[in-house]
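A.B. asks: Structure provided below as structure tokens; questions to follow.
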């Protein structure tokens with residue numbers, strides 16, 4: 001009886017210790033300077049912070065210049081707030097986009113540090129070491145740059161134009177004992193999948209401590225965050241869909257369009273959220289998980305170049321392909337891939353045509369601006385010196401308003417407005433076409449992933465299959481560890 | 001006679017080397033052609049989505065790894081020449097052992113032979129054409145056949 005009670009007590013203590021080991025999170029966000037620190041990034045960070053807070057996950061947040069005085073975010077003001085009187089001057093002499101831009105300090109709560117490299121790196125080391133035995137989630141919302149050599153040299157673009165490479169982050173997280181999961185949404189983010197491997201530069205050996213995650217893109221492509229949408233309310237990066245699936249709610253509070261919990265066990269895992277994003281995202285992102293990256297890296301030389309079989313194997317990627325193909329009215333016949341490639345080619349052709357059209361419009365815009373500037377500066381030469389005392393005087397005595405009114409009367413100014421409006425409309429058209437093209441590329445990629453998974457089963461060694469399964473298992477965790 | 005046998009040996013060595021060296025590029029070419037007509041293949045999307053240096057890296061890696069197959073394929077070309085291409089009648093089907101070797105590789109080394117068979121058969125056929133061209137360029141066609 002005594003031994004039974006002791007055993008029971010030991011079990012209870014062990015169980016309570018296990019339930020005490022929950023998840024923690026690190027959020028890093030913002031641009032590398034105020035001009036690249038869009039309000040949408042700030043909104044993303046706040047939203048993710050809220051989701052993590054609702055889940056009871058302690059979160060350490062780093063954002064731009066932390067709590068220093070001075071603007072670190074820009075946003076687009078609404079039409080009503082724009083000073084209409086000076087609009088002609090902005091259109092002719094300035095950057096029309098900047099006319100609607102305003103700057104302010106961020107209003108994210110509980111920011112403990114800046115993202116300047118020399119401040120962030122030691123803080124990250126400390127945060128990572130403090131959570132060495134706890135499941136840790138790392139989320140980045142900002143910008144990134146490409147590597148000109150190996151994928152591990154892609155960077156996070158941090159405040160004050162500093163950077164951190166995937167290789168460097170690998171060395172920071174390497175000493176950990178507990179699972180480490182990551183979400184990167186920036187351009188060229190796929191290079192950060194090297195975090196899942198033992199060697200950050202090359203090789204297929206997966207890290208012994210579980211490390212896995214999700215990126216918006218490959219190491220070689222731009223993400224949705226580098227599109228025009230980042231300046232609008234139509235911004236829909238990987239975070240938008242991924243965390244909507246995890247939380248059950250969109251950014252605007254609406255319930256997600258379908259249940260992301262595909263196995264109906266009452267918990268949405270990271271992997272389920274990723275599949276939800278793959279299916280639901282209508283963006284320019286070709287997102288990927290670490291296990292998918294593994295499949296792509298693994299494919300051996302004697303299989304890589306071969307044309308795949310027509311018939312898809314039976315796995316989750318094949319199912320996703322079929323679901324998406326139905327959504328885009330692609331008949332599931334033997335001609336499906338030809339059909340998809342035809343649509344992709346057609347859309348790509350439209351993208352190229354629209355880009356050319358926009359290039360021509362911008363050339364026309366510059367010529368019109370130059371003509372107007374030359375004409376106006378011959379009458380009012382002080383217009384060419386916006387930071388001079390003479391210009392200030394013009395502003396103070398109301399002469400700028402008169403000049404702006406005079407500009408409005410000109411027919412070439414009306415043409416300029418039309419050209420600038422067409423340019424803006426083309427931005428929207430181009431974005432939509434790029435998003436459409438990405439859906440077709442996604443369909444082809446899902447087919448490829450379906451084949452790759454089957455090939456791993458058939459041709460992979462036992463250790464390779466085990467490595468793949470370990471990554472899948474790492475991805476199949478819920479947001480909050482039990 | 002010695003000169004003739006030395007020339008013959010040299011020809012065999014050149015044939016072996018040439019077919020071995022071309023085996024992988026021809027395999028990749030065949031696979032790419034078939035992928036293009038099937039509208040599906042890694043290389044079709046990689047061309048626009050990854051840097052060309054990455055594609056080259058994969059190609060060179062495959063070149064290195066495939067030597068274990070390419071060198072015996074070169075030897076098959078030599079055997080084909082010795083058995084078939086030197087004789088007046090069988091010269092007509094000279095090179096046929098190469099697509100046959102491709103088919104044999106598909107059935108022996110691949111768990112799903114039909115995945116690789118079209119590519120390997122086409123690659124073998126192209127190598128057989130190269131084999132015949134080399135034969136013709138070496139003047140064997142005009143000099144007649146060994147009895």
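A.B. asks: Based solely on its DSSP helices, what 222 nm [θ] is calculated for chain B when runs of n ≥ 4 H residues each add -39,500 (n - 2.57) and the sum is averaged over all residues, nearest 500 deg cm²/dmol?
C.D. replies: Mean residue ellipticity at 222 nm (helix-derived): -26000 deg cm²/dmol.
A.B. asks: Kindly identify the protein assembly as shown as rounded, prolate or oblate by the Cα gyration tensor criterion: order the square roots of the eigenvalues as a ≥ b ≥ c, call it rounded if a/c is under 1.5, otherwise compare a/b with b/c, prolate if a/b is larger, else oblate.
C.D. replies: It is oblate, given that a/c is not under 1.5 and a/b is not larger than b/c.
A.B. asks: Quick one: the Cα spread of the stretch A:58-141 along its three principal axes, in angstroms, biggest first?
C.D. replies: Sorted largest first, the three principal extents are 60, 23, 19 Å.
A.B. asks: While we're looking at this one, here's another question. For the stretch A:397-482, what is the convex hull volume of the alpha-carbon atoms per residue, in Å³?
C.D. replies: Dividing the Cα hull volume of the stretch A:397-482 by its residue count gives 213 Å³.
A.B. asks: Given N residues in the stretch B:6-107, what is Rg(Cα) / (2.2 N^0.38 Å)?
C.D. replies: Here the answer is 1.29, to two decimals.
A.B. asks: If eta is 1.002 mPa s and T is 20 °C, what Stokes-Einstein diffusion coefficient results for the stretch A:80-235, Kirkwood Rh from Cα pairs, in µm²/s?
C.D. replies: In µm²/s, the coefficient is 122.
A.B. asks: I've got another one for you. Could you check the spin-label model distance between residue B:138 and residue A:346? Points 7 Å from the Cα along Cα→Cβ, value in nm.
C.D. replies: 5.3 nm
A.B. asks: Tell me, in nm to one decimal, what length is gained between residue A:415 and residue A:399 on full extension, where the rule is 0.36 nm per residue of separation less the Cα-Cα distance?
C.D. replies: Details: separation 16, 0.36 × 16 = 5.76 nm, distance 2.39 nm.
Contour length minus Cα-Cα distance gives 3.4 nm.
A.B. asks: Compute the acute angle (0 to 90°) between the alpha-carbon long axis of helix B:97-109 and the principal axis of greatest extent of the alpha-carbon atoms of chain B; round to the nearest 10°.
C.D. replies: The answer is roughly 40 degrees.
A.B. asks: In nm, to one decimal, how far is the residue B:14 label point from the residue A:359 one, both placed 7 Å along Cα→Cβ?
C.D. replies: If labels sit at residue B:14 and residue A:359, their model points lie 4.8 nm apart.
A.B. asks: Ok, one more. Based on the Cβ-Cβ distance from residue A:335 to residue B:29, what FRET efficiency comes out when R0 is 30 Å, to the nearest 0.05?
C.D. replies: E between residue A:335 and residue B:29, to the nearest 0.05, is 0.75.
A.B. asks: Right, something else. Quick one: A:339, A:363, fewest Cβ neighbours within 10 Å first, how do they rank?
C.D. replies: With the sparsest Cβ surroundings first, the list reads A:363, A:339.
A.B. asks: Within 10 Å of each Cβ in B:40-49, how many Cβ atoms from other chains are there, averaged over the peptide?
C.D. replies: The per-residue average across the peptide is 6.
A.B. asks: Next up: Given all pairs of different Cα atoms, what value in angstroms does the Kirkwood hydrodynamic radius of the stretch A:237-279 take?
C.D. replies: Every distinct Cα pair counted, the radius reaches 10.0 Å.
A.B. asks: Could you check how many percent of all C-alpha pairs in the stretch A:245-401 are farther apart than 22 Å?
C.D. replies: Result: 68 percent of Cα pairs exceed 22 Å.
A.B. asks: Estimate the FRET efficiency between residue A:171 and residue A:423 by the formula 1/(1 + (r/R0)^6), using the beta-carbon distance for r and 35 Å for R0, to the nearest 0.05.
C.D. replies: With R0 = 35 Å, the Cβ-Cβ based efficiency is 0.20.
A.B. asks: Using the C-alpha atoms of the stretch A:350-464, what convex hull volume per residue, in cubic angstrom, is computed?
C.D. replies: 172 Å³
A.B. asks: How big, on average over all directions, is the shadow cast by the Cα convex hull of the stretch B:1-45, in nm²?
C.D. replies: 3.5 nm²
A.B. asks: Distance between Cα centroids, the stretch B:20-78 to the stretch B:96-138: provide it in whole Å.
C.D. replies: So the separation of the two Cα centres works out to 14 Å.
A.B. asks: Let me ask something else about it. With labels modelled as points extended 7 Å from the Cα through the Cβ direction, what inter-label distance (nm, one decimal) is found for residue B:100 paired with residue A:132?
C.D. replies: With each label placed 7 Å out from Cα toward Cβ, I get 6.6 nm.
A.B. asks: For residue B:67 and residue A:327, what does the FRET efficiency come to when R0 = 35 Å and r is the distance between their Cβ atoms, rounded to the nearest 0.05?
C.D. replies: Working: r = 46 Å, r/R0 = 1.31.
Efficiency for this residue pair is about 0.15.
A.B. asks: So how far, in whole Å, is the C-alpha centre of the stretch A:425-482 from the one of the stretch A:270-312?
C.D. replies: After rounding, the separation between the Cα centres reads 3 Å.
A.B. asks: Please compute the average number of Cβ atoms from other chains found within 10 Å of each residue's Cβ in peptide B:112-123.
C.D. replies: Other-chain Cβ atoms within 10 Å of each residue's Cβ, averaged: 2.
A.B. asks: A follow-up question, please. Which of B:80, A:33 comes first, and how do the rest follow, when ranked by fewest Cβ neighbours within 10 Å?
C.D. replies: By the 10 Å Cβ count, ascending: A:33, B:80.
A.B. asks: Counting helices only, and only those DSSP H runs with n ≥ 4, report the 222 nm mean residue ellipticity of chain A as the sum of -39,500 (n - 2.57) divided by its residues, in deg cm²/dmol to the nearest 500.
C.D. replies: Helix contribution divided over all residues of chain A: -16000 deg cm²/dmol.
A.B. asks: Could you compute Rg(Cα) / (2.2 N^0.38 Å) for the stretch A:88-135, with N its residue count? List each step's numbers first, then the result.
C.D. replies: On the way: Rg = 19.8 Å, N = 48, 2.2 N^0.38 = 9.6 Å.
In units of the globular-protein estimate, the stretch A:88-135 measures up at 2.07.
Values quoted throughout were computed directly from the atomic coordinates according to the rules given, and no laboratory measurement underlies them. In this text, all values refer to a predicted model and were calculated from it rather than measured experimentally. FYI the Cβ positions are ideal-geometry reconstructions off the backbone, even for glycines, and counts take in every protein chain you see.
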